[in-house]
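The values are calculated or read from the model by the stated rules, or taken from the named source; none is laboratory data. Being a predicted model, the structure only gives us computed values, none of them experimental. Every residue, glycine among them, receives a Cβ derived from its backbone with ideal geometry; neighbour counts consider all protein chains shown. The protein model used for the area step is the full one, side chains on, heavy atoms only, and it has no ligands, DNA or RNA in it. Shrake-Rupley method; radii C 1.70, N 1.55, O 1.52, S 1.80 Å.
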Amino acid sequence: MIFRKGAKIYSYEVRKESGESVAYVNYLGAPYIPSIANSAEIMARTIDLLESNVNISRVVLVQQRNYNYSFEKVQLLSEIAQLHTSLIREKKILSSSRISGDSQQYDFLSFFLSLLKQDPAAAYVKIKSALIDERNVSGNELYVSLLNNIVELLEKTMLIRKINESFDSIAGEGRNVYSDIFAADIIPNFAFARLVSSLPKNSKIVSQYKIGEKGDESVVTILKEEKELKFFYHLMPPEYFLKEDFQMLLNLARNVLIEHQPKAEEFIDPERTRQTFLNVARDLVRELAESKNFKVSYDELNKLARILVRHTIGFGLLEILMQDGKLQDVTLNAPISLNSVFVKHSEFDECFTNILLSQEDADSWAAKLRMVSGRPLDEANPILDADLVLEGTRARVSAVQRPLSPKGLSYAIRRHRDFPWTLPLFIKNKMLNSFAAGLLSFMIDGSRTMLVAGTRSSGKTSLLGSLMLEIKPKYRIILIEDTLELPADYFGKLEYDILSMKVRSALSESSNEISAEDGIRTSLRLGDSSLIVGEIRSTEAKALYEAMRVGALANVVAGTVHGSSPYSVFDRIVNDLNVPITSFKATDLIVVTNPVKTPDGLHSMRRVVQVSEVRKHWTKDPLEEKGFVDLLKYNVENDELEPTDELINGNSEIIKAIASEVKGWAGDWDAVYDNILLRGKVKQEIVDISDRLRKPEFLEADFCNLANTIFHKVSDEVTLEEGVPKSEIVFAEWKKRVEKEAEDFVSGL
């Protein structure tokens with residue numbers, strides 16, 4: 001609430017916000033919704049305000065909603081205000097020497113000055129008409145010249161130019177000429193973020209869909225403007241379009257609830273805290289509605305309670321954005337109140353948005369992230385990496401502030417997928433093909449050590465998560481991360497024996513968390529387990545390679561690392577992180593993922609571009625001594641991963657090592673290669689079943705985990721009978737059982 005109870009209507013207050021002078025005008029208690037476009041009185045009052053405060057860059061009309069007029073809109077009126085002031089102060093109009101004492105001329109110009117503030121378009125039409133009449137009948141050249149000068153001055157203003165461009169004839173249009181030009185951005189009184197509600201001109205709708213729970217849905221519209229390379233992401237959340245009575249309820253409720261903010265220790269269990277506050281908010285809104293004699297249905301009550309929680313203990317509009325499963329990244333650049341939010345969309349790449357957050361939002365987020373993470377964010381520690389859990393969605397937040405970000409707080413938010421990625425899902429999205437999926441599945445079953453490398457946003461963490469799903473649930477997994485990106489809780493629901501350990505970020509100098517290095521060493525004392533490290537960033541690399549050397553040939557040890565090729569991984573691990581060469585050779589496999597751009601450079605696709613094994617015979621430089629041998633290589637012309645001659649001809653030392661420990665495979669390359677093909681065929685069949693039955697959910701972790709379990713059971717049964725898992729027998733039996741499960745699932749719906 002900007003104004004205290006009892007504040008005089010139409011009074012205003014000018015505030016400095018992120019370098020802007022913002023005028024808040026009180027319309028609380030006014031019997032109408034304030035609108036510059038619709039009201040001559042409000043337009044005139046606003047121009048009066050701009051005449052007396054020439055530095056104002058934004059105007060907000062405060063009621064149950066706040067109606068925000070951006071700098072561009074205010075500039076249009078400021079120009080009219082300056083013209084009005086100039087005409088009066090320089091006595092260009094009411095000078096007796098100009099109008100020769102003619103009372104009609106005096107009255108007309110007095111009327112024109114008043115109309116100019118109420119309706120500049122109508123004033124322009126009137127004075128232009130008067131000029132034409134005077135040229136025909138008047139002999140007062142000074143007066144005609146005066147009218148002509150005023151018309152020319154008006155035609156130079158941005159407002160009249162805009163109107164003339166949009167309308168063939170202004171006369172008769174009334175205030176309709178202002179409806180688009182002065183459409184206000186809506187800000188609920190209980191929120192701070194601004195939304196540009198109007199759609200951009202000269203744009204076409206490309207897509208439209210709803211996000212959020214039923215009854216609390218938001219509408220997303222994707223548009224493309226003619227002159228822009230990026231798409232426009234237009235969000236319409238429910239809280240910005242509530243009835244006035246509901247706005248009042250939320251304003252009152254927020255003032256009560258804000259006094260009972262949760263303490264830092266309550267954020268240890270954010271889901272429970274949120275549920276508690278949701279119950280409190282529901283009761284509070286119901287009581288306030290009863291006291292005001294407002295009728296609120298059960299569904300409306302729940303909707304209002306969710307909105308209230310979102311804008312008190314929650315993260316406001318960020319929570320709405322996180323409901324969109326098609327968003328991958330959200331970025332906010334400093335100064336936050338002057339820059340619109342950018343999002344990265346899975347279908348439309350990076351997009352502009354209609355969202356402008358306030359400095360209050362930025363500061364509130366920083367305070368909550370400090371509580372959630374237990375990590376500092378101040379001038380001594382200007383970087384904060386934190387995990388964010390919001391009603392079923394997870395995100396990684398990186399916050400940067402002064403002095404590293406000179407203009408203040410900035411945020412980069414990576415939305416994690418609601419469920420783990422799977423190899424069939426990657427096949428469907430063409431990140432890899434079925435043969436590559438079969439090879440990686442084979443390597444995981446063979447308990448190899450591997451690194452998934454790639455640039456930022458290349459999908460390396462997602463791929464690592466899909467490989468975790470290939471580990472048999474009977475094996476224990478220890479997961480070590482500094483920010484919780486991989487969905488450990490979901491693996492727990494799939495009955496995986498998984499322990500998630502959160503360690504100190506490499507960017508944090510002070511924290512009560514243990515280091516990643518100590519976390520990895522601790523994992524070695526926690527029993528026989530597969531070890532997954534979210535990302536190798538710093539000194540933990542040495543500890544990871546200790547684990548690789550201890551765990552090699554026993555359990556999977558895997559992690560991600562930044563690098564665009566096997567050699568860049570070697571350079572990073574050995575030269576930057578000081579891991580001895582002998583230790584680095586404990587790596588069996590390096591999988592490289594990178595974005596591949598389209599010829600126009602406007603789009604990129606995530607692809608696995610290389611799968612290489614690390615040989616053990618070299619001593620100094622793996623590139624010169626042929627220590628890296630490609631098993632799969634990306635063919636850019638075919639947009640396909642292809643097996644190399646080394647793999648086809650059976651020259652993989654890693655695969656031979658796996659085969660040497662399996663009865664019936666030792667020395668039989670054809671049998672081993674056949675099993676890789678079988679696994680790839682199984683992954684492809686899951687994609688085909690999903691397409692055939694039109695059930696995209698079959699590509700998700702639940703069904704894929706079930707299909708993997710059936711595969712392992714059938715393989716064991718066939719091996720007991722035949723001595724080896726013959727692919728034709730395994731596939732036929734596996735397919736029969738999986739199709740039965742798929743049919744049961746469909747019929748169960």
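Of the candidates Leu369, Leu327, the single residue that is at pLDDT 90 or above and of a type outside the set (Val, Ile, Thr) is Leu327.
Taken residue by residue, the stretch 286-295 has at least one member that is small (Gly, Ala, Ser) and out of contact with any Asp or Glu (no Cβ under 7 Å at 6 or more places or on another chain).
Report, ordered by the first and then the second residue, all pairs with beta carbons closer than 7 Å, sequence separation of six or more or different chains, a first member in the stretch 25-42 that is touching a residue at least 24 places away in the same chain (Cβ under 8 Å) and more than 16 Å from Glu244 (Cβ to Cβ), and a second member that is polar (S, T, N, Q) and open to solvent by less than 30 Å² (accessible area, probe 1.4 Å). What qualifies is Ile36/Thr46. For the stretch 398-432, the set of residues classified as closer than 30 Å to Ser364 by Cβ and hydroxyl-bearing (Ser, Thr, Tyr) consists of Ser398, Ser405, Ser410, Tyr411, listed by residue number. Would it be correct to say that Lys713 is in contact with a helix residue (DSSP H, G or I) (Cβ under 9 Å, 6 or more places away or on another chain), farther than 24 Å from Tyr496 by Cα and open to solvent by 70 Å² or more (accessible area, probe 1.4 Å)? For Lys713, the condition - in contact with a helix residue (DSSP H, G or I) (Cβ under 9 Å, 6 or more places away or on another chain), farther than 24 Å from Tyr496 by Cα and open to solvent by 70 Å² or more (accessible area, probe 1.4 Å) - is not met. Scanning the stretch 486-517 for residues that are polar (S, T, N, Q) and modelled with pLDDT under 80 gives Ser505, Ser508, Ser510, Ser511, Asn512, Ser515. Only one of the listed residues (Val125, Val151) is assigned to a helix (DSSP H, G or I) and in contact (Cβ under 8 Å) with a residue 40 or more places away in the chain. That residue is Val125. Within the stretch 136-149, identify whether any single residue is open to solvent by 60 Å² or more (accessible area, probe 1.4 Å) and either small (Gly, Ala, Ser) or in contact with a strand residue (DSSP E or B) (Cβ under 6 Å, 6 or more places away or on another chain) (or both), and answer yes or no. Looking through the stretch 136-149, at least one residue is open to solvent by 60 Å² or more (accessible area, probe 1.4 Å) and either small (Gly, Ala, Ser) or in contact with a strand residue (DSSP E or B) (Cβ under 6 Å, 6 or more places away or on another chain) (or both).
Looking at the stretch 51-118, the helices (runs of 4 or more DSSP H) lying wholly inside it that each contain 1 or more residues that are modelled with pLDDT of 90 or more sit at 71-89, 103-118.
If you go through the stretch 31-42 and keep only what is more than 37 Å from the chain's Cα centre (by Cα) and at pLDDT 90 or above, you end up with Ser39, Ala40, Glu41, Ile42.
Per this entry, Leu223 is counted among residues that are more than 16 Å from the chain's Cα centre (by Cα), surrounded by 18 or more Cβ atoms within 10 Å (Cβ to Cβ) and at pLDDT 90 or above.
Those helices (runs of 4 or more DSSP H) of the stretch 599-693 in which 1 or more residues are loosely packed, with under 12 Cβ neighbours inside 10 Å occupy 645-648, 669-693. Residue pairs whose Cβ atoms lie under 9 Å apart, separated by 6 or more positions or on different chains, with the first residue in the stretch 179-201 and in contact (Cβ under 8 Å) with a residue 12 or more places away in the chain and within 18 Å of Phe352 (Cα to Cα) and the second open to solvent by less than 10 Å² (accessible area, probe 1.4 Å) and among the acidic types (Asp, Glu), are Arg194/Asp185; Leu195/Asp185; Val196/Asp185; Ser197/Asp185; Ser198/Asp185. Scanning the stretch 159-178 for residues that are in a helix (DSSP H, G or I) and surrounded by 15 or more Cβ atoms within 10 Å (Cβ to Cβ) yields Leu159, Ile160, Lys162, Ile163, Asn164, Arg175, Val177, Tyr178. Checking the stated criteria, Phe426 turns out not to satisfy the condition of being modelled with pLDDT under 90, among the aromatic types (Phe, Trp, Tyr) and more than 27 Å from Asn66 (Cα to Cα).
For the condition touching an Asp or Glu at 6+ places or on another chain (Cβ under 6 Å) and touching a residue at least 12 places away in the same chain (Cβ under 8 Å), Val724 does not qualify. When residues in the stretch 519-548 are screened for being among the basic types (Lys, Arg), modelled with pLDDT under 70 and not in a loop (DSSP other than H, G, I, E, B), 1 of them pass. The strands (runs of 3 or more DSSP E) found wholly in the stretch 291-367 and carrying at least 3 residues that are surrounded by fewer than 22 Cβ atoms within 10 Å (Cβ to Cβ) and touching a residue at least 40 places away in the same chain (Cβ under 8 Å) occupy 327-332, 349-353. Inspection of the stretch 182-196 finds a residue satisfying the criterion of being touching a Lys or Arg at 6+ places or on another chain (Cβ under 9 Å) and at pLDDT 90 or above. Residues of the stretch 60-72 that are closer than 18 Å to Ser179 by Cβ, in contact with a strand residue (DSSP E or B) (Cβ under 8 Å, 6 or more places away or on another chain) and open to solvent by 10 Å² or more (accessible area, probe 1.4 Å): Arg65, Tyr67, Ser70. Every condition in (1) under 30 Å from Ser458 (Cβ atoms); (2) modelled with pLDDT under 85 holds for Ile258 except the one numbered (1). Checking the condition open to solvent by 20 Å² or more (accessible area, probe 1.4 Å) and closer than 24 Å to Ser197 by Cβ, which residue from Ser52, Ser57, Ser39 passes? Within the list Ser52, Ser57, Ser39, the selection yields Ser39. Restricting Glu661, Glu722, Glu653 to residues that are within 23 Å of Arg448 (Cβ to Cβ), over 42 Å from the mean Cα position of the chain (by Cα) and modelled with pLDDT under 90 narrows the list to Glu661.
For the stretch 214-237, filtering for residues that are outside any strand (DSSP E or B) and free of Cβ contacts under 8 Å to residues at least 60 places away in the same chain leaves 4.
Here's the yes/no breakdown for (1) of a type in the set (A, V, I, L, M, F, W, C); (2) in contact with a helix residue (DSSP H, G or I) (Cβ under 8 Å, 6 or more places away or on another chain):
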{"residue": "Leu109", "(1), (2)": "yes, yes"}
{"residue": "Ala123", "(1), (2)": "yes, yes"}
{"residue": "Ser129", "(1), (2)": "no, no"}
{"residue": "Arg135", "(1), (2)": "no, yes"}
{"residue": "Leu146", "(1), (2)": "yes, yes"}
{"residue": "Leu154", "(1), (2)": "yes, yes"}
{"residue": "Phe167", "(1), (2)": "yes, yes"}
